[in-house]
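The values are calculated or read from the model by the stated rules, or taken from the named source; none is laboratory data. Note that the coordinates shown come from a computational prediction; the quantities given were computed from them, not determined experimentally. FYI the Cβ positions are ideal-geometry reconstructions off the backbone, even for glycines, and counts take in every protein chain you see.
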Amino acid sequence: MNYPRRSFLKLGGSALAALATTAMWPLRALAAAVRPEAAFVAKDLEGTYKGLGGTPTASAEIDLSTPDIAENGAVVPINVTSKLPGTEEIYILVEKNPNPLAAAFTIPEGTEPFVSLRVKVAQTCNLIAVVKAGGKLYSASKETKVTLGGCGG
Amino acid sequence: MASPMRIRAKTTDGITEVKALMSHPMETGMRKDAEGKPIPAHYITEVTATHNDKLVLHAYWGPAVSQNPFLNFQFKGGAAGDTVTIKWVDNLGESQTEQATLS
């Protein structure tokens, strides 16, 4: 494997993992070729943006729907709809999580620039949607108040 | 991986809405068990969705995605009888693939 997959390496390069990844190669060619590992391991917003290749510009063309108050931070629904033409990627970030980047989606042509997911939110903070459209990064953010953290136990 | 993944896909006015509920613990690696020992990380790292053989959505996930992840997305061009396949791979190399027929 010529791409950095720290998590896999840590596990001592399990043969199973290698097999599973190899089987996905034909599809991978169409999608983002490499997991943005630097962005996933970053511990703050600045580092995450660096890993994604730049600081996004705020945009009103991104529709971010999240609850104002989440009773359970372990399951917070988030909907992102982008009205920016040429949306290629959608990232979901939770500002104050140990690693802000939660998910990175690639939107091929023919797929609506919309995703809906449930994420964990450790404490009250901004939920941020970053959209890559036409090679540029845009973002929208909204605060969610958490009354019970997502990392209990 | 006790229960299988559930996928629902429906086409309305040319847009196919896919809803998938995966069954996965999504452990962050930061929690500790009752004895104070860390619970090892176990989470889905990659999700691929295809319509027939065409890629319709690809995602890399971190451990911040909730337990038993729910994913919802939409694409154009689906017709009744087509298949939607969703596959996930986790950080331990486990994977699951499930297929649904469009209605």
### Message
Can you pull out every residue in the range B:51-70 that is at the interface with chain A (Cβ under 7 Å from one of its Cβ atoms) and assigned to a strand (DSSP E or B)?
### Response
B:Leu55, B:Val56, B:Leu57, B:His58, B:Ala59, B:Tyr60, B:Trp61, B:Val65, B:Phe70
## Note on the structure
Restricting attention to the range A:77-123, the residues that are in contact with a Ser or Thr (Cβ under 9 Å, 6 or more places away or on another chain) and of a type in the set (Gly, Ala, Ser) number exactly 2
### Answer from B:Arg8, B:Arg31 - the residue that is farther than 24 Å from A:Pro113 by Cβ, surrounded by fewer than 21 Cβ atoms within 10 Å (Cβ to Cβ) and charged (D, E, K, R)
B:Arg31
### Residues located in the range B:48-67, provided they are within 11 Å of the chain's Cα centre (by Cα) and either more than 21 Å from A:Ile90 (Cα to Cα) or small (Gly, Ala, Ser) (or both)
B:Ala49, B:Ala59
#### Entry: Residue, surrounded by the fewest Cβ atoms within 10 Å (Cβ to Cβ), within the range A:71-106, restricted to residues that are under 25 Å from B:Ala79 (Cα atoms) and at the interface with chain B (Cβ under 7 Å from one of its Cβ atoms)
A:Thr106
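Residue-wise test of (1) under 17 Å from the mean Cα position of the chain (by Cα); (2) outside any loop (DSSP other than H, G, I, E, B).
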position: B:Ser3; (1), (2): yes, no
position: B:Ala9; (1), (2): yes, yes
position: B:Thr16; (1), (2): yes, yes
position: B:Lys19; (1), (2): yes, yes
position: B:Ala34; (1), (2): no, no
position: B:Pro40; (1), (2): no, no
position: B:Glu46; (1), (2): yes, yes
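For the structure I just gave you, tell me whether A:Val121 is surrounded by 19 or more Cβ atoms within 10 Å (Cβ to Cβ) and closer than 20 Å to B:Asn68 by Cα.
yes
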### Message
Return the residues of the range A:98-110 that are farther than 21 Å from B:Trp88 by Cβ and in contact (Cβ under 8 Å) with a residue 12 or more places away in the chain; say none if nothing qualifies.
### Response
A:Pro98, A:Pro100
### Query
What is the residue count in the range B:71-103 for residues that are in a strand (DSSP E or B), facing chain A (nearest Cβ under 8 Å), touching a Leu at 6+ places or on another chain (Cβ under 9 Å) and touching a residue at least 12 places away in the same chain (Cβ under 8 Å)?
5
#### Entry: helices (runs of 4 or more DSSP H) (entirely within the range A:1-91) containing at least 2 residues that are charged (D, E, K, R) and modelled with pLDDT under 90
A:6-10
### Message
Just to be sure before I move on: is A:Pro113 farther than 28 Å from B:Asp90 by Cβ and crowded, with 20+ Cβ neighbours inside 10 Å in the structure I sent?
### Response
no
### Query
Among the residues of the range A:107-147 satisfying the criterion of being basic (Lys, Arg) and assigned to a strand (DSSP E or B), which is nearest to the other protein chains (Cβ to nearest Cβ)?
A:Arg118
